[in-house]
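As structure tokens, the structure follows; a few thoughts come after it.
The values are calculated or read from the model by the stated rules, or taken from the named source; none is laboratory data. Everything quoted here is computed from the prediction, not taken from an experiment. All Cβ positions, glycine included, derive from the backbone under ideal geometry; neighbour counts span all protein chains shown. Surface areas here come from the heavy atoms of the whole protein model, side chains and all, with no ligands, DNA or RNA. Shrake-Rupley method; radii C 1.70, N 1.55, O 1.52, S 1.80 Å.
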Amino acid sequence: MLQDLFALARRALLAVLLLGALMLVATPFASADDPDDPVRLVVVTAGLTWEDIDPETTPHLQCLADRSGAGAMNTTSTSVVSTKRQGLETLHTGYRGLAEEAPRTSGIPTPATDQWEQVDAEVSTFELDGPGSPSESTYPEIADALEAGDLVQVTAASVPRADDPARAQALTSLDATVGAILDEIGGCDAVTLPRTLLVSVAATDPEHPESVEQPGAVASRTAGLQVALDTAFPGQALTSGATKQNGVVVLTDVLPTILASYDASTDGLIPGQPFRGTEHADPHQLALDRSQAAEQVDAATVPALGSWFVLGVIGIVILLVPPLARRPRLAAVGRALAAIAPLPLAVGLFASLVPWWRAEHPTLALTGVIWAGSALLSVLVLAGPWRRHRLGPVGVSAALVALLILGESATGSRFQLSSPLGAQPISGGRFYGLSNHLFGMVLAASLMALLCLFAVVRTPRARTVWTVVVGALVAIVCVAPSMGADFGSMLATIPAFGLLALLVSGIRPRLWHVLALGVGGAVAVLGISFLDWLRPAEERTHLGRFIDELLSGELVSVVVRKLAQNVAMTTGYPALAVVILCAVIASVAILMPSRLRWRRLAALDAEHPASYSVRVALVAGAWIGYAVNDTGPVLIAAMLGIWLCHLPAVLPAPAEPGPSPDSAPRAPTD
């Protein structure tokens, strides 16, 4: 059996590496050829969104948009809402925020370095956002600088936030400024118009930047995706290697775009990648859709998902209250409700298939999409032949959650952007692949599906094969650069499923087994990261960029930064701290059911002994995942949520209470 297990493990690892290598040949997501013209003019503003651009109120901006590539741009920085001062520094350094205010663990070089000095051209700057109107000579001076071959930056006035009465006038003024610049160099429609970027570098430009640190309504009204235009890609949607999403770019992409157009190299490893163009029928509508969905999804997510979760709460209460759980028909209802409770987590990733954000009431529209998709999956879960087995519906539901999340990543993460629990372009943490909370759901759901499967698959060999197959599938999708592109997931997946394979095969795990699984995970992810690193820089993912950091001697700072983020998230958010505490207690409780007198869980182990092995793998995978990821608390929270719904549904019915000693009949006395 040991030799068979090692043979399976070797084959699974080989499959991971081979398929990972094949998946490096991803379909091109953008135009392959770089524009011939260097960037000559960069117009900078703040607070400009795609909702502001229309032919009537901003005709000059609309004209420029019509002849440019269009993208919704993330401008997140070191504060809750990005400011223009931060954005202007990012424009020149390539790093988010202000270097002088960045924490030591942020990875931002201090003092700030102006990377525009790498350009083989004179740099001319014109400030048009000060008090008063530009002088009559300003616009001819801009034209003269462009004629002389300079790289010209024009800082125009900012647009106040939406609730400011001066916003309409500011938009008109900004449009007039852009129109005056374009008219001076031949007009918006001129064939000889130099390559021009127009970028809104921040969500706001407050008089006192610290005022945007206040949480709540002000932040939600001012934070949003901004406008990015590049005349090198007319009629196309902008994207970049940093986002790999059509119609979305990042402010840190602007500097690489400028440098690449002059064949200049960056000083250090900046996070951005040059703009690219992708064909799209209506790039302006796409950018507007991206912006509106990103702005509305947070507020709509809780009602949309929470309304369905109420059903799960009802089911869990029924199953955990002994008098209710002893009633067969009522318990069947509780198991059904608990089984379908997590389905919206997977359905939400595909919500963008329906443009719910365009509805008059977006929250109701999103709720309808979630309920429709979840109801459809519920029929599949509850109506199939597996419904005759107590663990059947739960196993199918868990498998659906895992497969749908993996499937969304395997197809290039084309649906999750601005969907509930998907990648959120406003926060800008990740735009593609598997985020840590999604990996937590996949790991938890996969292990629950195996637990239910082991109730009918009873031979050690079959259980081992199923464990290796499922583990290999999860590992491949999670780590493949064209799919999940998640570095930390491999470090948790191979130990978790490898440990489970040992346990269900009948082999008692030894310390060297555990060490070998950990080394195997590290070797696999480093191998695939190296293959990703071999691709062109703009096509690399987080995996290949880790090799860049390793070769540049930044490994220690990267590890320290991620550990600091993990600790800060755990200690800085009381709700997550409570979740972690509950997870610690739950991890101990599910591994000690007899000692803690959790009779129903002990009865499950007596009925299906493999369930204990699954829980051991679950606890190991959860805490390894917590340790190796920078947002470990959300991974733990996701796993806890899946099992909180499904575990009560697989427990046997509580035993009938026996007679108490006081109520037992007494022997007759003389």
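On a C-alpha basis, how far is the centre of segment 568-620 from the centre of segment 473-513 in Å? Whole number, if you could?
Cα centroid of segment 568-620 versus Cα centroid of segment 473-513: 20 Å apart.
Please compute the modelled spin-label separation between Asp163 and His542, points set 7 Å along Cα→Cβ, answer in nm with one decimal.
According to this spin-label approximation, the distance is 3.4 nm.
Return the tail of the calculated pair distribution for segment 317-370, meaning the percent of Cα-Cα pairs more than 17 Å apart.
Numbers: 762 of 1431 pairs.
Within segment 317-370, distances greater than 17 Å cover 53 percent of Cα pairs.
Rounded to two decimals, what is Rg over Rh for segment 305-431 when you use alpha-carbon atoms and the Kirkwood radius?
Numbers: Rg = 16.2 Å, Rh = 15.6 Å.
Reported Rg/Rh (Cα atoms, Kirkwood Rh): 1.04.
By how many degrees, between 0 and 90 and to the nearest 10, does the Cα long axis of helix 555-572 differ from the longest principal axis of the chain?
The answer is roughly 70 degrees.
If pairing requires two Cys Cβ atoms under 4.7 Å apart, which cysteines of the chain are left without a partner?
Cys452, Cys478, Cys582, Cys645
Taking the alpha carbon gyration tensor of segment 445-498, what are the square roots of 5 times its eigenvalues, largest first, to the nearest whole Å? Intermediate values should be presented prior to the final figure.
Working: eigenvalues 111, 19, 16 Å².
Each semi-axis is the square root of five times an eigenvalue, giving 24, 10, 9 Å.
Using the alpha-carbon centroid of each, what span in Å lies between segment 517-532 and segment 337-398?
35
With P(r) over Cα pairs in 10 Å bins from 0, in percent as the read-out, I listed (i) 3, 12, 19, 19, 15, 12, 10, 6, 3, 1, 0; (ii) 3, 14, 24, 26, 19, 10, 4, 1, 0; (iii) 3, 14, 24, 23, 16, 10, 6, 2, 1, 0, 0, 0, 0; which label goes with the value calculated from this structure?
Read-out taken from this structure: (iii).
Can you order the peptides 238-250, 314-326, 517-529 by their average number of other Cβ atoms within 10 Å per residue, highest first? Could the numbers behind the result be given before it?
Values: 238-250: 26.8, 314-326: 16.9, 517-529: 19.7.
Ranked from most to least packed, the peptides come out as 238-250, 517-529, 314-326.
Taking the Cα centre as origin and putting +1 on Lys and Arg beta-carbons and -1 on Asp and Glu beta-carbons, what dipole magnitude results for the chain, to the nearest 20 debye?
Values: 41 positive and 58 negative charges, 1259 e Å.
Approximately 6040 debye in magnitude.
Per 10 Å bin from zero, what fraction in whole % of the C-alpha pairs of segment 236-370 is there, up to the bin with the longest pair?
11, 26, 22, 18, 13, 8, 3, 0
Give me the percent relative contact order of the chain, please, defined on Cα pairs under 8 angstrom at least 6 residues apart. Mind showing how you got there, number by number?
Values: 1214 pairs, mean separation 105.6, N = 670.
Computed over the chain, the figure is 16 percent.
Tell me, what is the 1.4 Å probe accessible area of Val477, in Å² to the nearest 10?
Roll a 1.4 Å probe over it and Val477 shows about 10 Å².
Evaluate Rg over Rh across segment 420-542, taking Cα atoms for both radii and Kirkwood's formula for Rh. Numbers along the way, then the final one.
Working: Rg = 16.1 Å, Rh = 15.6 Å.
Computed over Cα atoms, the ratio is 1.03.
Amide H neighbours of Ala72 under 5 Å, at least 5 residues apart or on other chains, H built in the peptide plane: list them.
Amide H neighbours of Ala72: Val248, Val249.
Rg to Rh for segment 563-628: what is it, with Cα atoms only and Rh by Kirkwood?
Values: Rg = 14.5 Å, Rh = 13.3 Å.
Using only Cα positions, Rg/Rh for segment 563-628 is 1.09.
Using 7 Å Cα-to-Cβ label points, what is the Asp144/Arg461 separation (nm, one decimal)?
8.8
Using 7 Å Cα-to-Cβ label points, what is the Ala121/Ser173 separation (nm, one decimal)?
So the two model labels end up 2.9 nm from each other.
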